[in-house]
Amino acid sequence: MLFYIAHGCPNCGGRISDERLSLGLPCEKCLSEKTFLKGDLTLEEAIQALEKNKKLRDLKLFGRVEKEVYQFHRVFQEIFGIAPSSLQLSWAKRFFLGESFAIVAPTGTGKTTFGLLACLLHREKSLILVPTKVLVNHLYERLQDLQEKTSFEEIKTRRILSYTGSNQEKRLLEEKSFDIFICTQAFFHKNYELLKMADFSLIFVDDVDSFLKSGKNVDHLFHMLGFSQREIELALKREKEEEDYAKLWKIKEKHSKKLKRLIVSSATLKPRTSRTILFQNLLGFEVTRFVSTLRRVEDLYLEAEESNLETLLERAYTIIQKIGSGGLLFVEENAGREGVEKATQYLKEKGLKVVSYLEEKEADLLELLKEKEIDLAVGLAHLGNPLLRGLDLPFALHYVLFLGVPKHFFPLGKKGETLELPLSTQFLHNLLLNLLPLFEEEERFKALSYINYLKRYLTLKEESLLQYEGLVKRVSEIKDFIQERLLNEDFMERLKRSDEVFLDVKEDGKYYVVVGNAQVYLQGSGRVSRLTARGLLPGISLMLVDHPKAFLSLKKRLRFYLGEEPAFQKVTLDGVLEINQRILKERSSLQESQLDFKNYLIIVESPHKAKTIASFFGKPARRRLKNLWVYEIPMEGTLLSVCASLGHLFNLSRKEGIFGVLPQKGHYYPLFDTIKLGKKSGNEIVDEETEEEDELYDKGEIIKHLRTLAYCATETFIASDPDSEGEKIAYDLYINLRPFQKKIKRIEFHEVTPRAFKKALSEAGSFNLSRVKAQLARRIADRWVGFSLSRELWSAFKKRNLSAGRVQTPVLGWVIKRAEEAKAHKYRLTFTLSGLSFALDFEDKELAERVLRELPSLKKEEISRIEEVINPPPPYTTDTILEEAYYYFRFSSPQCMNLLQELFELGLITYHRTDSTRVSETGRYQVAKPYIEQNLGEGFFYPREWSTTGAHEAIRPTYPWDVKELKLRVAHGLLTFQKPKDSFRLYDLIFRRFMASQCKPLRLQKGIFRFSVPSFSWEEALGLQILESGFDLLWMKPQLFNPQDESLPENPELRSVPKVFLFNQGSLIQEMKKRGLGRPSTYAEIVSTLLQRYYIYELKNGGLVPTPLGKKVYSYLAKRFLEYISEDFTRELEEFMDAVERGEKEWEEICLKLKPLIELNSSF
């Protein structure tokens, strides 16, 4: 046992130990030691024991659900002869818990089957809504079939009524002589008042896409679920205030008690009514379905001899003959509808069963493909084409053929004509976006601001634009900006040389800016590799390359979406046939297998990180549990539900024991309780304190929702930060979720990337209790030292806003001491010679002034020459990045940590709380090597590990993307930053420093020179010539001295400067690192606290000086508690905590070390 949680018992809400929770047990009052036979109980076993002892309280709901899920399992097994899948069990738990939800899952996972079985098991009236009468009959027959196959009497006696048009059916509906009613959505629309009278408590919508075509249908649905018109209007309100959201949550809670539920078996890709927001605001889930970007595609290409459509079609026909049916063919966008018609006609004449999107309605065309009545469908390589987006026919399609490289054309006009671009926001936005890589640095920032501006008006037609004078003026300014560049010779030269965007001239003499269309390629090729219940199906994408430069542009642009360029494989016709046979064989074996899709709950600390992880695999669906957002997205074989704990959930109690620590039988047990936050003030509270007037938000609510999520999941993985603080958060989550879920594992990743996430999942393990103990020791040391000293200050100074801390106070002492030392001055003479800056320091003012007067007579003598090999600096650690970010950009420590946190959560840098310079093999060979070899050349890559120790890596980029590429990703909408300019500057610093650390050394020729004036001489080693460049191409080019330059010294200046400079935020953190006080996670916090308490303040030049209050506080503490605020004592505690983390010391020893301090405090 390590500690208690004040209100942690899952059954009665009473005090409980971490040990009992970790065994799945409620507290001793609920279940005494004598009444359970073994530890490590399942939820079902714990509930049975509580029932036996007549102590079942809060777990009663889960007891009921367990029984119903057991029955669901038995019925399913009896009917189908197999157990329900993990996903179906997860849905069953949610259903019996009384949730309304959209079933998020790939094709073929049994969504409709589950919905039908839920209706049969539901004890009250159920309504099933489908789009067509054919489906009404089909589901009616399926329900009857399910009834026949079961022996459960309550299911067999359920009365099923379907409406197919007869008066008898309608009469039975009016008489309510049924238990399950099935009808079309059209019948629902026309007979809403009649259906409303039936008082359905479960509604199952099997195809929400067609249902959402009518906003009226949505309103009727929510009225039927028991929501009032006033509640619906509040949910639809556009600009909601905080109190509106509070009201909506109360409405949700009130509705959940009515036990009227909605289950949606498939979600929509494109909602056609704004009323879909009702699902989110009133039921807590979205009906917009996930979009998976998982792909197993063989990216193949054949070079076309000619680029005309006739030649490409001949080649395509030969390929289709070889690989057969089950494909899509896309004609290049520029060929238009005429090209689609021509391609369709040509292939039909060759005897192929071909239909284009122009010939059939979308639904009919999909049916033809699904039933394999045609060989292939022909579409246009344009994002608006119905064959390119939303097509989900996993087993019908296995290849896609592109007639030419997908590309986008921007017309500029004919040669010799005046360039006049259209005043179209969409055209200008897209053109500017594609020209972005060609702009110089200053122009790029301007272009980015224009792109962001145009984004707001993309749907505005040119004729509508003309109605707004201010808008016309601004858009005209943007148009002129682009036109000026296109008329500039240097810019046009860059355009001609570019790999990503190029200039093309058509036969009619018109100029076009052309780019490879990556989105079209990904959407098109994605149609043949779909995620199903049997796994991710493989497919083939074959491109006939008609334009080599467009192909190069496409490959470059694909890296924006895939993170790297796809490995396109050049093939022959025989090669295509061989790959096709292999793909068909793989697909056949997958069709015969059945994968048990699991539901993994992933818990991270921040919502930003949760969204980033879910977005690795596509665009996730979302649901909301009050302040908790859950992102749902399938990964191969798994449905991920990713959410955030919002940091720490518990803190030490302030009122009980010794500042929250209970002495018991020679041991010390900390008492934790949930953190409460003042909704207005943001103040953190632990115990219920009557003096707090603010309305409180209790993080216990998050635990409640996480327990439900964990209960419904197949397995839970906790992915808080990989340090002792993160481990304590992880362990807190583990023990609080353990009674509801036995399968809980710890995962760690030091960078938020798909590669690191998948690796962490595959290596999931147990919790590191040594880290947890180290964090307990640290927390108690902070509490006992901080509270003891702070209360002394409150008493002495009569101010309750004062504080002291075991690290904060010694650091305050350094600032005070340095400020005193900085009063002593010396004299600094600065000047430039041959473009180099020189600085000479003197103690003697008279000597300094004499040297200044004699400087025009300065002589130099070269003594010798040497060759020096200079290695690059190591990559950044927390202390060095905080120091240099302050030096270069004047970023305060908290500001810099916030920027680093954002970069980390976006998956752009490794974990930023680190004191290690270690670089992993991934960092060296998958990040540094490709960038350095591509941009500098093969000979410049010089891999260095830098250190073999440290739990974390150095701070480094996670991809070989420089800041220029980062800006392109922002422009394309793939990344967003809170403060883009600051983020770019900081990322650029980290990126260049890391890349430099993996470059070869610099070889420099230096000269040793003696400089002299009559009164003084000195020697300096100066760089003369770069013999061989290395890291200097990326980081800090050395200044070179020209010994032949006989010019006199320039800009001489003599100044009085401090002998020792004041600390600034960066150098103070560096001092903390050097002296072993604080940790990477607390450096910025310590400096910030000293500033907030007004113990120190910052001068305009960045220097830190103590305030009178700071001096008084430190003086008072130094006189009375010198031992406990000394640097040695604090360092000793840090070393002790490190020893605990290594498993070498017992954490409770910290209490014995600090007990004398507690005894000094008047409170004890």
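Here, each number is a calculation from the coordinates, and none is a lab measurement. What you are looking at is a predicted structure, and each value in this text was computed from that prediction instead of being measured. Heads up, the Cβs are rebuilt from the backbone with ideal geometry, glycines too, and the neighbour counts pull from every protein chain shown.
Some observations on this one:
- Label positions at S274 and S151, each projected 7 Å from the Cα along the C-beta direction, are separated by 5.8 nm.
- Principal axis dimensions, region 878-1000 - Cα atoms, whole angstrom, descending: 37, 34, 24
- Recomputing Rg and Dmax of the Cα atoms in Å from the coordinates shown identifies the correct label among (i) 45.9, 159; (ii) 58.8, 176; (iii) 35.1, 121 as (iii).
- Packing-based ranking of 818-829, 398-409 yields 398-409, 818-829, ordered from highest to lowest mean Cβ neighbour count within 10 Å.
- Relative to the current alpha-carbon distance between T572 and E868, full extension at 0.36 nm per residue lengthens the span by 101.2 nm.
- Annotation: for a label point projected 7 angstrom from Cα along Cα→Cβ of A824, residues of region 1102-1135 with backbone N closer than 20 Å are 1104-1106.
- With a simple spin-label model that places each label point 7 Å from the Cα along the Cα-to-Cβ direction, the separation between S1015 and E1127 comes to 3.7 nm.
- Normalised contact order of the chain, rounded percent, pairs of Cα under 8 Å and 6 or more residues apart: 10 percent
- Spin-label model distance (nm) - Q1005 vs E362, 7 Å beyond Cα toward Cβ: 7.1 nm
- Loop-resident GluC sites (Glu not before Pro) (DSSP state other than H, G, I, E or B) in region 843-950 with no more than 15 further Cβ atoms inside 10 Å of their Cβ: E843, E945.
- Taking 0.36 nm per residue of separation and subtracting the Cα-Cα distance, full extension of the segment from H667 to T976 would add 106.2 nm.
- On full extension, the segment bounded by Q1044 and R1120 gains 20.9 nm, given 0.36 nm per residue less the C-alpha separation.
- Relative packing of peptides 159-169, 1086-1096 - highest average C-beta neighbours within 10 Å first: 1086-1096, 159-169
- Expressed to the nearest 5 percent, the antiparallel share of DSSP beta bridges inside the chain is 55 percent.
- For the residue pairs K250/K699; K247/K979; K455/K611, the C-alpha atoms sit more than 29 angstrom apart in K247/K979.
- V291-S1029 FRET efficiency (beta carbon distance; Förster radius 41 Å; 0.05 resolution): 0.35
- Only DSSP H runs of four or more residues enter the estimate; each adds -39500 (n - 2.57), and after division by the residues of the chain the mean residue ellipticity at 222 nm equals -13000 deg cm²/dmol.
- Per DSSP, loop trypsin sites (Lys or Arg not before Pro) in region 974-1077 with at most 12 further Cβ within 10 Å: K1059
- Taking 30 Å as the limit for the C-alpha separation, the pairs K258/K626; K156/K252; K1074/K1145 exceed it in the case of K156/K252.
- Loop trypsin sites (Lys or Arg not before Pro), region 221-253, which have at most 16 other Cβ atoms in a 10 Å radius of their Cβ (DSSP): K237, R238, K240
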